[in-house]
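A.B. asks: Would you mind keeping the following structure in view while I ask a few things?
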Amino acid sequence: MKTTARELAGYLGAELIGDPGAAIAGFAAPETAAAEDLIYIDSPRFAKRAVASAAQCVLSIRGLEYPGKTVLVTERPKFCFAKAAAWLFPPEPAHPGIHHSAVVALSANISVNAAVGPCAVIEEGVEIGEGTQIGALCSIGRGSKVGRNCRLYPRVTLYPGTKLGNGVIVHSGAVIGSDGFGYVFGEGRHWKFPQIGTVEIADDVEIGANTTIDRGSLGATVVGSGAKIDNLVQIAHNVQLGANSIVAGLSGISGSSTVGAGTVVAAQVGIGDHCTVGEGVTVGARTGILPGKIVRDGEKISGFPSRSMERFKEQQGWVGRLPELAARVKKLEKENADRK
Amino acid sequence: MKTTARELAGYLGAELIGDPGAAIAGFAAPETAAAEDLIYIDSPRFAKRAVASAAQCVLSIRGLEYPGKTVLVTERPKFCFAKAAAWLFPPEPAHPGIHHSAVVALSANISVNAAVGPCAVIEEGVEIGEGTQIGALCSIGRGSKVGRNCRLYPRVTLYPGTKLGNGVIVHSGAVIGSDGFGYVFGEGRHWKFPQIGTVEIADDVEIGANTTIDRGSLGATVVGSGAKIDNLVQIAHNVQLGANSIVAGLSGISGSSTVGAGTVVAAQVGIGDHCTVGEGVTVGARTGILPGKIVRDGEKISGFPSRSMERFKEQQGWVGRLPELAARVKKLEKENADRK
Amino acid sequence: MKTTARELAGYLGAELIGDPGAAIAGFAAPETAAAEDLIYIDSPRFAKRAVASAAQCVLSIRGLEYPGKTVLVTERPKFCFAKAAAWLFPPEPAHPGIHHSAVVALSANISVNAAVGPCAVIEEGVEIGEGTQIGALCSIGRGSKVGRNCRLYPRVTLYPGTKLGNGVIVHSGAVIGSDGFGYVFGEGRHWKFPQIGTVEIADDVEIGANTTIDRGSLGATVVGSGAKIDNLVQIAHNVQLGANSIVAGLSGISGSSTVGAGTVVAAQVGIGDHCTVGEGVTVGARTGILPGKIVRDGEKISGFPSRSMERFKEQQGWVGRLPELAARVKKLEKENADRK
């Protein structure tokens, strides 16, 4: 699609300086932008990059100069850039239809407006909503329900009985609904604890490549609406992940833990089982939260075992100076010995 | 299947209190149970949940009261619950046969009682034992051997020459037999060290979703019988993983390391190369074991670098109080200075 | 293939001691070698293993005795072993042709010398170079370009527009070109930042099983020639990974970070976003590098937050003795109190 600076400024509620008719047809970084690409600048340090850019239109914070360019002034250029992109380039619609190489059970109920890619396998009783795209080589297990306008990239697995809401994006290689990891040892071997629960993924969730989300053992594993999960994340059985939460790459959330709405879990974090992490919590990268721990709403934590970020930094500062602290203790010991 | 409280009590060796004819047809958590679901209670704190449950039968430790319910008394309710589930609901048998969309080499030897799902690809010389289910979209490489009663969920890869015993479960996205990560640098580039060994997975092993197990470089990578491996685990070339060991999610075991029988490796652990971890060891979550290290049978370790759990906790306690310790040293310094 | 000790010594520039006509037909570890397998010994401690081996030929450092065996003497036996294997066993050539079950767009341009495996899906405008093998069940997105002599093992995904150079190896389950993980929060929800950049993988790169490499958000994610990436690694959007760099399993490199040529990133490392890691850096296992950090060429770092390996070891030594240090402080306090 294509728009003009005036139209876009109107949509974004941005102040327009310059040519209202300037065309906007794409989005780019200043260095690689063409004339009709929109760029954004959210810090005075980067203004020079926009000045030197071929782009004609800049989304910018107030007070910066871009000679000869058309400027859309806003307090949040990056946010407006993302919003503009979603407006100009909505997700490509499905080319409705079922590829002849897909293997679809007779009892599957697939919307006529949905698309099923080559060699996808869709089992009995599956429901696929309108506008949804099932990529090539996906495996959709018996009785799974996928809502409207979802996009499953190629090579996604849904185990039987998995439920996805509307507008869910699942990247390639993700596995949803696999058995939880639970055993009871006895009589010389591990007995599998029943893994017969479900997985429910709410609307507008995005799930990264090769991420795994286990089904509940008895109850449900739940991912709240608008949650965003990065690549290679492990979500264990019976986890309750809050709405609009964020979980970055290589993090793991252990069985039966709850993570509140709007909480941000950075990369390579581990959350032990049966934790209760509140709403709006910030969990720093590589934090390890011990099993059963309760983290209150709004806390910012880091380290292993986890503590407040402030406290973590202070302690790590001292760890960094431990050799010097030890030397000071040694000196004191010498002083005391000399005094005897 | 369906049974009665009397039959189940007999199978489990549990004491029966209440109605011997009470029907048991499923397994559930107290909150979501229907009348014929079995529930279990292994702590007095949870007894109330059972009392309030719709379930008629409770597997429970001794000494708790469940008015109006039938109780199966045992010392290990959770274990009995798992054992009962395995008895009442054995793994679904395969629907024998090869799906017409599967691509199977003529030289593959597939039991008439095995099942091969849609779009599975089975190369030359593969052997598949009776009762085994190969899920949709699996890739079984040349000469691989899969034993009896195995279940490969959709989208599993076995590289050529991989061997699985009997009763092995492999979850979706797992890759077994990929090249180990070994190079020798010279003449300005990395030369691939030969990765021509094998992988042998013994009986009753379970392998999680998107887990990777590399083949041996020259010898074999071996996973012992009854071992259970979670999602997103990396097992490197030539690792020897002991029988009935447990490896939780996002852990990695580096090349040529040995992990003894019955050892439990918690989540996000890293074991360096050429380590020897004994039998019955407990490796706490997020532990990092340095290359070449020897961990004795039965040890409980934690931290990075790893040390005894007790020692780790003591040290972390002191790390937590480092700012205060430093303040105490400062005070001593001041006292000594004042005294001069 | 098969060669003689004389031919191989000539190729490697090794000194030959013994029977020049001794046959070499394979590569093995001393314990499992057959007579015609080559073995290597790079330390006097292991010489006994070679003496006891059935192998007739040993690649060895100077000065060791192997009675009755033919010895190829070199300073770098392991390197020569790898080089000899690459010479004797070059990658198996493709059996050219497109499997009848593959789904290939009419506009795809596939070399007549390339091979496309069963149930592979190749979209519009894809180019596949000569000698390249696309494994079974791969998904090659619209407009992707794969060079010559590449090998994609089964079940690899390339998102649309991905570019691979020549001689690239991609292991099963890897996903290249997935959307980066970028959102901007506003108006009550996360807005997807545009993920419309590209991925460029240079020549001779090897990518491990179930590894994920995201496309650039606006620019490109770039993996330099000869880089080697292990299993379950996450490479985020806009990362620039240098030539001949090494990234071991379960490591993650966050958005827009640069890693210099020849740098070695060990296992379970996390590199924050916008870092600049120099050339020839050694990043120890489980290191965590804070966002925005600059690591100079040739540094050796470890710990979280990262510091020099030497410093890390010294500090960890003190952490290990913290309980004792605290006891010493307590003793000093008592001495001072007694003195008052």
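The values are calculated or read from the model by the stated rules, or taken from the named source; none is laboratory data. Quick caveat: nothing in here was measured; it's all calculated off a predicted structure. Because the Cβ atoms are built from the backbone with ideal geometry, glycine has one as well, and the counts that use them run over all protein chains shown. The accessibility values were calculated without ligands, DNA or RNA, using every heavy atom of the protein model including side chains. Shrake-Rupley method; radii C 1.70, N 1.55, O 1.52, S 1.80 Å.
A.B. asks: Looking only at segment B:240-251, which residues are assigned to a strand (DSSP E or B) and either open to solvent by less than 10 Å² (accessible area, probe 1.4 Å) or at positive phi (or both)?
C.D. replies: Within segment B:240-251, B:LEU241, B:VAL247 qualify.
A.B. asks: Can you tell which of A:GLU124, A:GLU200 is more than 21 Å from C:PHE181 (Cβ to Cβ), of a type in the set (Asp, Glu) and in a loop (DSSP other than H, G, I, E, B)?
C.D. replies: Result of the check over A:GLU124, A:GLU200: A:GLU124.
A.B. asks: In segment C:170-201, what count of residues is obtained for those that are touching a residue at least 40 places away in the same chain (Cβ under 8 Å) and of a type in the set (Val, Ile, Thr)?
C.D. replies: The number of residues fulfilling the criteria is 1.
A.B. asks: Now for a different question. So B:SER178 clears everything in (1) among the polar types (S, T, N, Q); (2) open to solvent by 10 Å² or more (accessible area, probe 1.4 Å); (3) within 19 Å of B:ASN210 (Cβ to Cβ) except one condition, right? Which one?
C.D. replies: (2)
A.B. asks: Follow-up. Would you check which residues across segment B:50-77 are buried (at least 19 other Cβ atoms within 10 Å of the Cβ), without any contact (Cβ under 8 Å) to a residue 40 or more places away in the chain and within 14 Å of chain A (Cβ to nearest Cβ) and list them?
C.D. replies: B:ALA50, B:SER53, B:ALA55, B:PRO77 - these are the residues of segment B:50-77 that are buried (at least 19 other Cβ atoms within 10 Å of the Cβ), without any contact (Cβ under 8 Å) to a residue 40 or more places away in the chain and within 14 Å of chain A (Cβ to nearest Cβ).
A.B. asks: In segment C:321-332, which residues are in contact with a helix residue (DSSP H, G or I) (Cβ under 9 Å, 6 or more places away or on another chain) and either more than 10 Å from chain A (Cβ to nearest Cβ) or loosely packed, with under 13 Cβ neighbours inside 10 Å (or both)?
C.D. replies: C:PRO323, C:LYS330
A.B. asks: Next question. From the list A:VAL259, A:VAL265, which residue is within 26 Å of B:THR212 (Cβ to Cβ), away from chain B (no Cβ under 13 Å) and either buried (at least 22 other Cβ atoms within 10 Å of the Cβ) or among the small types (Gly, Ala, Ser) (or both)?
C.D. replies: Answer to the selection: A:VAL265.
A.B. asks: Next up: Suppose we keep only residues that are within 10 Å of chain B (Cβ to nearest Cβ) and within 25 Å of the chain's Cα centre (by Cα) within segment C:89-99. Which one would you say is farthest from C:GLY26 (Cα to Cα)?
C.D. replies: Ranking the qualifying residues of segment C:89-99, first place goes to C:PRO91.
A.B. asks: Could you check segment C:304-319 and list, in sequence order, the residues that are of a type in the set (Phe, Trp, Tyr) and in a helix (DSSP H, G or I)?
C.D. replies: Result: C:PHE312, C:TRP318.
A.B. asks: It is to be established whether one or more residues within segment C:100-107 are β-branched (Val, Ile, Thr), open to solvent by less than 20 Å² (accessible area, probe 1.4 Å) and over 27 Å from the mean Cα position of the chain (by Cα).
C.D. replies: No; the residues of segment C:100-107 include none that is β-branched (Val, Ile, Thr), open to solvent by less than 20 Å² (accessible area, probe 1.4 Å) and over 27 Å from the mean Cα position of the chain (by Cα).
A.B. asks: Quick one: how many residues across segment B:281-299 are more than 14 Å from every other protein chain (Cβ to nearest Cβ) and either within 16 Å of C:LYS313 (Cα to Cα) or crowded, with 20+ Cβ neighbours inside 10 Å (or both)?
C.D. replies: Residues flagged as more than 14 Å from every other protein chain (Cβ to nearest Cβ) and either within 16 Å of C:LYS313 (Cα to Cα) or crowded, with 20+ Cβ neighbours inside 10 Å (or both) within segment B:281-299 amount to 2.
A.B. asks: So which residues in segment A:14-35 are modelled with pLDDT of 95 or more and open to solvent by 70 Å² or more (accessible area, probe 1.4 Å)?
C.D. replies: A:GLU15, A:ILE17, A:ASP19, listed by residue number.
A.B. asks: Can we say C:ALA47 is touching a Phe, Trp or Tyr at 6+ places or on another chain (Cβ under 8 Å), away from chain B (no Cβ under 13 Å), open to solvent by 10 Å² or more (accessible area, probe 1.4 Å) and of a type in the set (Gly, Ala, Ser)?
C.D. replies: Here the answer is yes, as C:ALA47 does meet what is asked.
A.B. asks: Can you tell me which residue among A:ASN149, A:ASN166 is at negative phi, open to solvent by 10 Å² or more (accessible area, probe 1.4 Å), assigned to a loop (DSSP other than H, G, I, E, B) and of a type in the set (S, T, N, Q)?
C.D. replies: Going through A:ASN149, A:ASN166 in turn, the sole match is A:ASN166.
A.B. asks: Give me the residue from segment A:108-120 that is buried (at least 19 other Cβ atoms within 10 Å of the Cβ) and part of a loop (DSSP other than H, G, I, E, B) and, out of that set, farthest from the chain's Cα centre (by Cα).
C.D. replies: Out of the qualifying residues, it is A:ALA108.
A.B. asks: Report whether or not C:SER308 is away from chain A (no Cβ under 12 Å) and either of a type in the set (Gly, Ala, Ser) or at positive phi (or both).
C.D. replies: In short, no.
A.B. asks: Next question, about the same structure. Determine if segment B:187-194 includes at least one residue that is more than 13 Å from chain C (Cβ to nearest Cβ) and in contact with a strand residue (DSSP E or B) (Cβ under 7 Å, 6 or more places away or on another chain).
C.D. replies: Within segment B:187-194, none of the residues are more than 13 Å from chain C (Cβ to nearest Cβ) and in contact with a strand residue (DSSP E or B) (Cβ under 7 Å, 6 or more places away or on another chain).
Quick grid of which residues meet (1) under 18 Å from the mean Cα position of the chain (by Cα); (2) modelled with pLDDT of 95 or more; (3) within 9 Å of another protein chain (Cβ to nearest Cβ); (4) more than 20 Å from B:GLU206 (Cα to Cα):
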position	(1), (2), (3), (4)
A:GLY147	no, yes, no, yes
A:TYR153	yes, yes, yes, yes
A:GLY167	yes, yes, no, yes
A:TYR183	no, yes, yes, no
A:ALA202	yes, yes, no, yes
A:ARG215	no, yes, no, no
A:GLY224	yes, yes, no, yes
A:LEU232	yes, yes, yes, no
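A.B. asks: To continue, here is another question. Among the numbered criteria (1) surrounded by fewer than 17 Cβ atoms within 10 Å (Cβ to Cβ); (2) touching a Gly at 6+ places or on another chain (Cβ under 9 Å), which one does A:GLU7 miss?
C.D. replies: With respect to (1) surrounded by fewer than 17 Cβ atoms within 10 Å (Cβ to Cβ); (2) touching a Gly at 6+ places or on another chain (Cβ under 9 Å), A:GLU7 is out only on (2).
A.B. asks: Restricting the first residue to segment C:1-26 and requiring it to be closer than 14 Å to C:ILE39 by Cβ, which pairs with a second residue that is among the polar types (S, T, N, Q) and open to solvent by 40 Å² or more (accessible area, probe 1.4 Å) meet a Cβ separation below 7 Å and a spacing of at least six or different chains?
C.D. replies: Partner pairs satisfying both residue conditions: C:ALA22/C:GLN56.
A.B. asks: Can A:PRO154 be described as free of Cβ contacts under 8 Å to residues at least 60 places away in the same chain and surrounded by fewer than 23 Cβ atoms within 10 Å (Cβ to Cβ)?
C.D. replies: When the stated conditions are applied, A:PRO154 does not pass them.
A.B. asks: Shifting gears a bit: Only one of A:HIS190, A:HIS237 is part of a strand (DSSP E or B) and either open to solvent by 10 Å² or more (accessible area, probe 1.4 Å) or on the phi < 0 side of the Ramachandran plot (or both). Can you tell me which?
C.D. replies: From the options A:HIS190, A:HIS237, the qualifying one is A:HIS190.
A.B. asks: Read through the list (1) surrounded by fewer than 24 Cβ atoms within 10 Å (Cβ to Cβ); (2) modelled with pLDDT of 95 or more, then give the number of the only condition that C:GLY219 fails.
C.D. replies: All conditions are met except number (2).
A.B. asks: Which of (1) among the β-branched types (Val, Ile, Thr); (2) away from chain B (no Cβ under 14 Å); (3) more than 16 Å from the chain's Cα centre (by Cα) is the odd one out, the single condition C:ILE176 does not satisfy?
C.D. replies: Result: C:ILE176 passes all but (3).
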